[in-house]
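Everything below concerns the one structure shown next.
The values are calculated or read from the model by the stated rules, or taken from the named source; none is laboratory data. As the structure is a prediction and not an experimental result, all values here were calculated from the model. Counting neighbours? That spans all protein chains shown, and the Cβs are built from the backbone with ideal geometry, glycine included. SASA here: full protein model, heavy atoms, side chains in, ligands and nucleic acids out. Shrake-Rupley method; radii C 1.70, N 1.55, O 1.52, S 1.80 Å.
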Amino acid sequence: MFKSIIYILILSIIITLVQSQALQVGSYVRYQEGTCPTPIGVFNISQDHFGYQMINGAGKNVIANITVNSDSSFNAVGYLYNTSPPYSFTQFTSVKGIAYNQYMLIATYAPASNYPGGTFFFQFNSC
C-alpha cells in the first residue's frame, strides 16, 4: 500500500513538471508574418539552464536564452546571419515575444544594422 502511494506521488510530480513547461521541447515550423503565412523552415527548441534555445536545420542558433515570464512574454537574444553563402554569423539582436501556449509562440526581432527586424510565428510540428 505504501509503495502504491509513493508511485502515485512520483507520477503526479512528473506530470506536474511536464505540464508546467512554458514551451514544448521539439520541432517547430516557422511562418513569416502576413495575412496568409507560409512555412519558411523547421526549427528545434531545446531547454538548458539558460532557458530555451532555438536551432535551425543547419544546426545554427537562431534564438538563445528564451526566458518565459509569468505573463507568457519572453525576452531573448537573436542571431543574425548573412543571407548569401557562406551564411556566416553577422550580429546579435534582441528578441521579444509571447508564448501563447506550450505549442505556439511569436517572436519579434529588433532592427539592427542591415536588418529591418521582423516578426515570426512558430508552431509545434506534430507531424
Counted residues, region 58-71 - those being surrounded by 11 or more Cβ atoms within 10 Å (Cβ to Cβ) and over 21 Å from Tyr100 (Cα atoms)
2
Selected residue (criterion: most open to solvent (accessible area, probe 1.4 Å)) from residues of region 72-94 that are more than 16 Å from the chain's Cα centre (by Cα) and at pLDDT 90 or above:
Phe92
Filter region 35-55 down to residues that are among the polar types (S, T, N, Q) and modelled with pLDDT under 85 and give me whichever is nearest to the chain's Cα centre (by Cα).
Thr38
So which residues in region 95-127 are open to solvent by less than 40 Å² (accessible area, probe 1.4 Å) and either among the acidic types (Asp, Glu) or in a strand (DSSP E or B) (or both)?
Val95, Gly97, Ala99, Leu105, Ile106, Ala107, Tyr109, Ala112, Gly118, Thr119, Phe120, Phe122
